[in-house]
Amino acid sequence: MGTQRPRRGLGHRRLGAAQIVFFVVAAAGPLFAIAGGVPTNYAVTGSVGVPLSFLLLAPILGLFAVGYSAMSRYITNAGAFYPYVANGVGKSTGAGIAFVTLLSYNAIQISIYGLFGWSVSTWLGTLTGSPPPWWLCALVMVLIVGALGVLRIDLNAKVLGVALCLEVAVVAIVDIALFANPAGGSVSWVPLEPSSLFTTGAGAVFAFSAAAFIGFEGAATYGEETREPSRTVGRATFAAIGLTAVLYVVSSLALAVGTGPDVIVTAAAAQGPDLLFNLAGEHLGGTFSDVAYTLFVTGQCAALLSFHNAVARYFFALGREGLLPRSLAKTSKRTGAPVAGSLTQTALALAVVSLFAIADRDPVTELFTWLGTTASTGVVVIMIAVSLSVIGFFKRRRQAENAWRRWIAPGLAILALSAVLALILANFDLLLGPAGTFLLRWGLPGLVLVAALIGFLRAEVLRTKDPGTYAAIGGPPEDEGAEPVGPRAVR
């Protein structure tokens, strides 16, 4: 007889929709995505149509969110993605997606330490004239995030909420200033014209822009800790998509308006992340620019904490289900936080940052870029799998949801996301930047396939050697005709 799954839980019902939005939008890192990712997109692709790419991607993510939100009303599990796939496609496939998720979110979280270390080192160097090593700044932050990760989840949400509100305020003020002071004396809408986007390099534009959205899809990770999971996860997901889409479209357009569409590519290539802060200093003064850069750094802190919390909960879920050592399912009696998962993620971050430091690798073009692009590939694969699982799950319970939620929106999401994945893979060399090699070009996206295979084989071994644990993967699906999440919800 297989080992029974322990009934362990997380901090109970502390989060509302607004708090989850803080986590998932903070994970997307709006200020550092706009200051760092958008200029990189302009510079690398040479395309003026970056704002239009964000505008077109938002509805695609909305299609994904329709089925994703519907599933959240029936399955509440800290593992989020893989329980959906386990119940909609199959348990072994779900285990494969579990390992892809673990790889992707660890890669996202750890990659940001490279950018953070560089940002803080540069900032302190400007203030003192003697910049500390980037890796020292990064390692200190690893320990700070690890300490915060074992606190109560609602306390973390308050920290992220304050940071996010300040970031959005700064972005909004800069955008208003740039639209009020357009290059050439008038606002140009050229970046929103199809002819600006659909040229050579359009695939790379979509690939970069898709990476900027990563984080919104993590709302279901906190389902076990929400007050009304049947409503909260869906509301938070749509709110996160809407907020980030508006910020990215308006801000990327504002950068083009402030510099001029004819010179935005050149300016972005020359100034990089400093483009936003230089424009802010020009129109709003040096003090405001300094404050904005400070929030650029704290925004990275918020993203690090948000992704750390998500990764800790994946470790917790996989340990609880026996796909990883069950010791990872340990939670704090005082705070309800997944303490074992949090400590494990901290240890991994310390190890990876230390390895890059010892090898004297670049924190931005290598640590941040290599792991970040690998993560974005994995997350798109996960979203495709989840959309497939929605169709499979509701095929057995037609009366539960309407056709739009059951298969139309998920089907359209599969087609659109598959096209985005193809674009990412076709342009992976551009995503790697100058540090890319042939081995990295195929090896990094290959890690996603390897992770999926390891998870699948792990489940197949359990099927034979421990059928009880295998049967518990993803939690048992509801009975036919079950109602949305309630006392008998899948846990």
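The values are calculated or read from the model by the stated rules, or taken from the named source; none is laboratory data. From a predicted model like this one, the values you see are computed outputs, not experimental measurements. FYI the Cβ positions are ideal-geometry reconstructions off the backbone, even for glycines, and counts take in every protein chain you see. Side chains included, ligands, DNA and RNA excluded: accessible areas come from the protein's heavy atoms. Shrake-Rupley method; radii C 1.70, N 1.55, O 1.52, S 1.80 Å.
Worth pointing out:
- Filter result (within 22 Å of LEU164 (Cα to Cα) and free of Cβ contacts under 8 Å to residues at least 24 places away in the same chain) within the range 50-63: none
- Residue count for the range 189-206 under the criterion of being crowded, with 16+ Cβ neighbours inside 10 Å and closer than 18 Å to LEU247 by Cα: the result is 4.
- Cβ pairs under 6 Å, 6+ apart, first in the range 37-49 and under 15 Å from THR365 (Cβ atoms), second at pLDDT 85 or above and open to solvent by 30 Å² or more (accessible area, probe 1.4 Å): ALA43/ALA269
- Residues of the range 121-136 classified as assigned to a helix (DSSP H, G or I), at pLDDT 90 or above and open to solvent by 20 Å² or more (accessible area, probe 1.4 Å), total: 4
- The set of residues in the range 42-64 being buried (at least 24 other Cβ atoms within 10 Å of the Cβ) and within 18 Å of SER376 (Cα to Cα) consists of THR45, VAL50, SER53, PHE54, LEU61, PHE64.
- Only a single item in (1) part of a helix (DSSP H, G or I); (2) at pLDDT below 90; (3) open to solvent by less than 10 Å² (accessible area, probe 1.4 Å) is not met by ALA349, and it is number (2).
- Some residue of the range 422-435 being more than 21 Å from the chain's Cα centre (by Cα) and more than 26 Å from ILE60 (Cα to Cα): yes
- Residues in the range 247-285 that are farther than 18 Å from TYR42 by Cα and either β-branched (Val, Ile, Thr) or part of a helix (DSSP H, G or I) (or both): ALA280, GLY281, GLU282, HIS283, LEU284.
- Candidates SER342, SER332, filtered to the one that is over 20 Å from PRO83 (Cβ atoms), assigned to a loop (DSSP other than H, G, I, E, B), of a type outside the set (A, V, I, L, M, F, W, C) and open to solvent by less than 40 Å² (accessible area, probe 1.4 Å): SER332
- Among the conditions (1) over 20 Å from PHE64 (Cβ atoms); (2) free of Cβ contacts under 8 Å to residues at least 40 places away in the same chain, LEU415 misses just one, which is (1).
- Test set (1) in contact with a helix residue (DSSP H, G or I) (Cβ under 6 Å, 6 or more places away or on another chain); (2) open to solvent by 10 Å² or more (accessible area, probe 1.4 Å) - SER104 fails condition number: (2)
- Within the range 437-451, residues that are closer than 19 Å to ALA98 by Cβ and assigned to a helix (DSSP H, G or I) sit with their Cβ atoms under 7 Å from residues that are open to solvent by 30 Å² or more (accessible area, probe 1.4 Å) and of a type in the set (A, V, I, L, M, F, W, C), at 6+ positions apart or across chains, in these pairs: PRO445/LEU425; LEU447/LEU103; VAL448/LEU103; VAL448/VAL381; ALA451/PHE99; ALA451/LEU103.
- Number of the condition not met by VAL461 [criteria: (1) aliphatic (A, V, I, L, M); (2) open to solvent by 50 Å² or more (accessible area, probe 1.4 Å); (3) at pLDDT below 85]: (3)
- Within the option set PHE356, PHE393, being open to solvent by less than 50 Å² (accessible area, probe 1.4 Å), farther than 30 Å from GLY117 by Cβ and at pLDDT 90 or above holds for one residue only, PHE393.
- Within the range 309-329, the set of residues being in contact (Cβ under 8 Å) with a residue 60 or more places away in the chain and either hydroxyl-bearing (Ser, Thr, Tyr) or outside any helix (DSSP H, G or I) (or both) comprises TYR314, GLU321, GLY322, LEU323.
- Of all residues in the range 148-176, exactly one satisfies the criterion of being among the small types (Gly, Ala, Ser), modelled with pLDDT under 85 and open to solvent by 10 Å² or more (accessible area, probe 1.4 Å), namely ALA163.
- Matching residues in the range 62-102 - criterion: being farther than 24 Å from ILE408 by Cα and hydrophobic (A, V, I, L, M, F, W, C): ALA78, ALA95, ALA98, PHE99, VAL100, LEU102
- Qualifying positions in the range 402-436 - part of a helix (DSSP H, G or I), of a type outside the set (D, E, K, R) and over 22 Å from GLY201 (Cα atoms): ALA403, TRP404, TRP407, ILE408, ALA409, PRO410, GLY411, LEU412, ALA413, ILE414
- Meets criteria (touching a strand residue (DSSP E or B) at 6+ places or on another chain (Cβ under 9 Å), open to solvent by less than 10 Å² (accessible area, probe 1.4 Å) and either among the charged types (D, E, K, R) or touching a residue at least 60 places away in the same chain (Cβ under 8 Å) (or both)) for ILE112: no
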